[in-house]
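In what follows, a structure is listed as structure tokens, so that the remarks can point back to it.
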Amino acid sequence: QPAKCGACGPGYASPLDAMKGKYCPREEIVYLPCIYRNTGIEKPDYLATVDVDPKSPRYCQVIHRLPMPNLKDELHHSGWNACSSCFGDATKRRNHLILPSLISSRVYVVDVGTDSRAPRIHKIVEPVELFWKGNAANPHTSHCLGSGDILISCLGDPSGNGKGSFILLDGETFEVKGNWENGGKVPPLGYDFWYQPRHNVLMSTEWGPPKVLADGFNPADVEKGLYGRHINVWDWSTHTFIQTIDLGKGSIPLEIRFLHNPDAAEGFVGCALSSAVHRFYKTQKGDWAAEKVIEVFSKKVQGWFLPDMPGLITDILISLDDRFLYFSNWLHGDIRQYDISNTRQPKLVGQVFLGGSIAKGGPVTVVEDKELQCQPEPFVIKGKRVRGGPQMIQLSLDGKRLYVTTSLYSAWDKQFYPDLVKEGSVMLQIDVDTERGGLKVNKNFLVDFGKEPDGPVLAHEIRYPGGDCSSDIWM
């Protein structure tokens with residue numbers, strides 16, 4: 001952190017400070033939740049600590065595993081107790097990782113401050129706390145707030161119906177305080193969110209009702225209108241739901257990212273099923289709107305369970321200098337890098353295929369493709385053929401290394417990529433050209449979660465101890 005800041009809290013003063021090497025050392029370890037639900041292995045999910053320091057003798061190895069005390073939690077995404085939103089508060093430290101469980105509705109609070117290489121459980125918030133105090137369940141995204149509290153978005157109510165509600169945790173005791181939202185109006189579905197205090201706004205997205213998606217994906221449910229299609233707009237100061245932006249039937253908007261610059265009144269959302277990226281922005285009237293700026297065309301296929309295969313955009317990220325947008329197409333199998341210097345006209349500058357459903361020699365034949373001349377080769381690294389497709393992504397603070405894992409969610413993994421569940425997921429690393437754009441797989445980097453002591457496991461979202469591109473929000 002900048003030496004001139006005598007009494008700083010966690011994180012960095014600005015996104016550009018976070019990118020500068022002298023303030024932020026290169027990441028040496030990362031944390032990933034590892035999931036056994038739906039794999040046939042009756043073991044608890046765990047938090048893996050992986051060594052990603054090329055100078056270390058344990059490079060690319062899992063150096064610690066913290067098992068949860070319960071079965072079938074479905075750990076998914078994680079967040080911090082404090083981040084750059086608390087930069088002005090010297091009493092705060094980024095020393096606890098918040099691990100919500102998508103299916104069991106437990107929230108684990110993990111102490112990573114005492115020993116960052118050997119995390120330990122600090123507290124468990126039991127599901128009944130979310131049920132009683134917030135009539136909420138299936139927690140997904142957690143972000144820390146400048147107030148010191150922790151905000152967690154939820155997918156549903158305790159019965160498994162969709163409900164776009166939020167739970168507030170006390171940042172010191174980690175007790176459930178109740179709901180964040182005020183007023184009777186709540187969106188019918190929830191998923192991810194991002195907030196931007198300078199524009200008095202919080203934006204949330206929609207996946208589907210937990211009881212509909214818990215055990216797999218049925219295209220008929222999209223036809224019935226059960227999956228999400230809106231960005232939901234909230235007034236940040238009053239915590240009230242004020243507007244919806246319709247992105248189209250069956251779009252399923254998942255990850256939402258504002259530009260990192262706290263003055264910017266725009267950002268991007270990736271829609272899984274329509275495989276489109278929409279730019280959302282504040283209008284001159286002061287409300288919010290969206291426009292489609294990227295579309296990944298479906299491919300006409302044979303040998304798959306539908307005749308049209310969408311890219312299925314799952315995770316998206318923006319570099320800290322707001323110059324590049326990255327996203328993964330989990331079904332097609334590619335990761336893309338776009339130059340977003342002009343946010344209304346993103347330019348594709350990097351692309352790499354890492355598995356997916358359309359690789360040559362597999363069961364799927366592509367009969368019509370608007371983008372590729374031929375089907376990509378199967379992806380093999382260090383002698384291992386990678387199953388599944390690129391899914392969760394995380395960018396190093398300096399923007400030069402992109403880390404990737406291949407599992408989406410255990411029930412959907414089992415349905416779309418049965419071999420992924422049998423063989424375990426992987427973590428890969430891609431070198432990024434930050435000057436001209438361009439992506440290249442690091443052939444020396446492979447973490448094979450198929451070789452874990454208790455059997456193959458599904459590793460999901462990636463976090464660095466010092467914060468990263470998708471956890472820090474600047475006030």
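The values are calculated or read from the model by the stated rules, or taken from the named source; none is laboratory data. Predicted model only: the values in this text are computed from it and were never measured. Positions of Cβ are generated from backbone atoms using ideal geometry, with glycine treated the same way; all protein chains shown enter the neighbour counts. The area values use the complete protein model at the heavy-atom level, side chains included, leaving out ligands, DNA and RNA. Shrake-Rupley method; radii C 1.70, N 1.55, O 1.52, S 1.80 Å.
Quick rundown of the values:
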| item | result |
| --- | --- |
| Failed item in (1) open to solvent by 40 Å² or more (accessible area, probe 1.4 Å); (2) in contact (Cβ under 8 Å) with a residue 12 or more places away in the chain; (3) more than 20 Å from Ala48 (Cβ to Cβ); (4) outside any strand (DSSP E or B), with Gln351 passing the rest | (4) |
| Members of segment 86-105 found to be open to solvent by 30 Å² or more (accessible area, probe 1.4 Å) and either acidic (Asp, Glu) or farther than 19 Å from Asp149 by Cβ (or both), listed by number | Asp89, Ile103 |
| Scan of segment 115-129 for residues that are closer than 16 Å to Leu99 by Cβ and open to solvent by 40 Å² or more (accessible area, probe 1.4 Å), ordered by number | Ser116, Arg120, Ile121, His122, Lys123, Ile124, Glu126, Glu129 |
| Subset of segment 369-409 (residues that are open to solvent by less than 10 Å² (accessible area, probe 1.4 Å) and assigned to a loop (DSSP other than H, G, I, E, B)) | Val386, Gly388, Gly389, Pro390, Gln391, Met392, Ser396, Gly399, Thr406, Ser407, Tyr409 |
| Some residue of segment 429-448 being in contact with a helix residue (DSSP H, G or I) (Cβ under 7 Å, 6 or more places away or on another chain) and on the phi > 0 side of the Ramachandran plot | no |
| Every pair of residues 6+ apart whose Cβ atoms lie under 6 Å, when the first sits in segment 212-224 and is over 21 Å from Pro418 (Cα atoms) while the second is part of a helix (DSSP H, G or I) and of a type in the set (Val, Ile, Thr) | Asp221/Val212 |
| Which numbered condition Gly208 fails, given (1) assigned to a helix (DSSP H, G or I); (2) within 23 Å of the chain's Cα centre (by Cα); (3) small (Gly, Ala, Ser) | (1) |
| Residues that are more than 18 Å from the chain's Cα centre (by Cα) and open to solvent by less than 10 Å² (accessible area, probe 1.4 Å), drawn from segment 54-81 | Met68 |
| Residue among Gly184, Gly171, Gly160 that alone is surrounded by fewer than 23 Cβ atoms within 10 Å (Cβ to Cβ) and without any contact (Cβ under 8 Å) to a residue 12 or more places away in the chain | Gly184 |
| Search result, residues across segment 264-277 that are free of Cβ contacts under 8 Å to residues at least 40 places away in the same chain and either over 21 Å from the mean Cα position of the chain (by Cα) or assigned to a strand (DSSP E or B) (or both) | Ala276 |
| Qualifying positions in segment 41-53 - open to solvent by less than 70 Å² (accessible area, probe 1.4 Å), in contact (Cβ under 8 Å) with a residue 40 or more places away in the chain and either on the phi > 0 side of the Ramachandran plot or not in a strand (DSSP E or B) (or both) | Ile41, Asp45, Val52 |
| Ala290 vs. criteria of a type outside the set (Ser, Thr, Tyr), more than 30 Å from Gly216 (Cβ to Cβ) and open to solvent by 20 Å² or more (accessible area, probe 1.4 Å) | no |
| Breaking point among (1) of a type in the set (Gly, Ala, Ser); (2) surrounded by 19 or more Cβ atoms within 10 Å (Cβ to Cβ); (3) out of contact with any Phe, Trp or Tyr (no Cβ under 6 Å at 6 or more places or on another chain), for Gly438 | (2) |
| Sole exception among (1) in contact with a Leu (Cβ under 9 Å, 6 or more places away or on another chain); (2) modelled with pLDDT under 90; (3) open to solvent by 20 Å² or more (accessible area, probe 1.4 Å) for Cys5, by number | (1) |
| Qualifying positions in segment 227-252 - in contact with a helix residue (DSSP H, G or I) (Cβ under 9 Å, 6 or more places away or on another chain), open to solvent by 60 Å² or more (accessible area, probe 1.4 Å) and at pLDDT 95 or above | Ser237 |
